[in-house]
Each structure stands twice: as structure tokens, then as C-alpha cells.
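Some notes on the structure that comes next.
The values are calculated or read from the model by the stated rules, or taken from the named source; none is laboratory data. Because the structure is a prediction, the values reported are computed rather than measured. FYI the Cβ positions are ideal-geometry reconstructions off the backbone, even for glycines, and counts take in every protein chain you see.
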Amino acid sequence: MDDFTARILLALVEGYQARAGLKEHTRALSEYEIARRAGVAGCSYTEFSTTAERERVRAALAALHRGGWIARWPRTGRYDAFVPTPLGLRRAASLKHASNGTAARGQPHGERPPPAGAPAPPGRDAARSTPPPPELEAALAHLARQLDEVLALLRAIESKLEQGR
């Protein structure tokens, strides 16, 4: 994961966590909100739709989505919305830990974090944050990708139906 994509993931996770306590669908962040939180969007909500920054953010979001780090939610206004997956939440925590100048769980800076299922990082309630087994995580990520494809197909059908009206 490159630095820009990591920055986008961290912005999404921080925004999502800032909305704790809200209903799940209201916790999703739009492309614009993510870009703004990441310090990429220096323009208005409307102007963002035609900028090169949006394309760069969309490319990073697509890469995160393919990797199972984030899930797509139905559109909010003119932009797609996203939420982090449990895998993305853990990755963001390790990225944040590494960016604080400390080695992530004893790993030298820049190396990959330990695989899913490794002990919880210090300071977290281990009983509450025990990750699911890697097989379950992979199955859930695959299911999330399939559901995203179904949503994309439904949106395409809806678009075609609206054009026919």
C-alpha cells in the first residue's frame, strides 16, 4: 500500500470512528469527505467532482476496495460512500501505530504488520478485539466484493431504466 492510499484509508477510518454511535448508514463517508479529511480536497463539494484529485482519491479507494480494506455503500449525493471493513480498521491501527515513529509490534518501520490473528496491540482490550480467523476474514472479504458487484449491477440497471423514461 503506497503512502497516498494509506492516507486515504486513515482518513476514512478516522471519520468513521468519529461518527461512533450513529446508525451504520450514516457513518459511511463520501469520496469528498474522505478527500477533505485526508487534506486532498482544497475545493468545494461541487467543484471536487471535476478535479484530478477526485480521480486520484477514487483510484486509491478502488485499490482499498479490491484489497478488502473498505466496503462501498450506496451513494450519498453525487459521490460514492465507503466504510472500513474490520480488516481495514486493523490495518489503519497498525499504520497509525507505525506513523507515530514506533515500530509496529516490534517490526522495523516499513515492514508488513503481523498477519490477522496475531495478538492485539498493547493498550487494546484483547477480549473485545480478538480478530476472526484468517479464513473467515477472507470469506467475508470475498462476500463483500460479491455484494459490491451486485450493487454495481443494480445501479447500472437503475441507470438504464431511468434513461428509458
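Using the structure shown, decide if S30 is within 18 Å of P74 (Cα to Cα), among the polar types (S, T, N, Q) and in contact with a Lys or Arg (Cβ under 7 Å, 6 or more places away or on another chain). The answer is no for S30. Of everything listed in (1) in a helix (DSSP H, G or I); (2) modelled with pLDDT under 50; (3) of a type outside the set (D, E, K, R), the single unmet condition for P108 is (1). Considering (1) loosely packed, with under 12 Cβ neighbours inside 10 Å; (2) more than 15 Å from H65 (Cα to Cα), the lone condition that D2 does not fulfil carries the number (2). Filtered by the rule that a residue be of a type in the set (K, R) and either within 22 Å of A139 (Cα to Cα) or buried (at least 21 other Cβ atoms within 10 Å of the Cβ) (or both), the stretch 75-93 gives R90, R91.
Scanning the stretch 2-57 for residues that are over 25 Å from S94 (Cα atoms) and assigned to a helix (DSSP H, G or I) yields H25, T26, E47, F48, S49, T50, A52, E53, R54, E55.
Quick check on A71: is it in contact with a Ser or Thr (Cβ under 9 Å, 6 or more places away or on another chain), without any contact (Cβ under 8 Å) to a residue 60 or more places away in the chain, closer than 23 Å to A139 by Cα and not in a loop (DSSP other than H, G, I, E, B)?
Details: in contact with a Ser or Thr (Cβ under 9 Å, 6 or more places away or on another chain): yes; without any contact (Cβ under 8 Å) to a residue 60 or more places away in the chain: no; closer than 23 Å to A139 by Cα: yes; not in a loop (DSSP other than H, G, I, E, B): yes.
Taking the combined requirement at face value, the residue does not satisfy it.
Checked against (1) among the aliphatic types (A, V, I, L, M); (2) at pLDDT 90 or above; (3) not in a helix (DSSP H, G or I), A62 meets all criteria but (3). Whenever a residue of the stretch 6-21 is touching a residue at least 12 places away in the same chain (Cβ under 8 Å), its partners that are charged (D, E, K, R), lying with C-beta atoms within less than 8 angstrom and at least six residues away or across chains, give the pairs L9/R91; L10/K96; A11/R37; L12/R37; E14/R37; G15/E33; G15/R37; Y16/R27.
Okay, residues lined up against (1) modelled with pLDDT under 50; (2) among the hydrophobic types (A, V, I, L, M, F, W, C); (3) touching a His at 6+ places or on another chain (Cβ under 7 Å):
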| position | (1), (2), (3) |
| --- | --- |
| L95 | no, yes, no |
| A98 | no, yes, yes |
| T102 | yes, no, no |
| P113 | yes, no, no |
| P119 | yes, no, no |
| P122 | yes, no, no |
| A127 | yes, yes, no |
| A144 | no, yes, no |
| Q163 | no, no, no |
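With respect to D148, is the statement that it is closer than 23 Å to R7 by Cβ and either at pLDDT 50 or above or loosely packed, with under 10 Cβ neighbours inside 10 Å (or both) true? In short, yes.
If I ask for residues that are touching a residue at least 40 places away in the same chain (Cβ under 8 Å) and surrounded by fewer than 20 Cβ atoms within 10 Å (Cβ to Cβ), which ones from the stretch 41-64 would you list? Give the steps one after another, and end with the answer.
So in the stretch 41-64, the residues touching a residue at least 40 places away in the same chain (Cβ under 8 Å) come out as 56-57, 60-61, 63-64.
Within the stretch 41-64, R56, A63 qualify.
Evaluated against (1) under 14 Å from the mean Cα position of the chain (by Cα); (2) on the phi < 0 side of the Ramachandran plot, A52 falls short on exactly one condition, (1).
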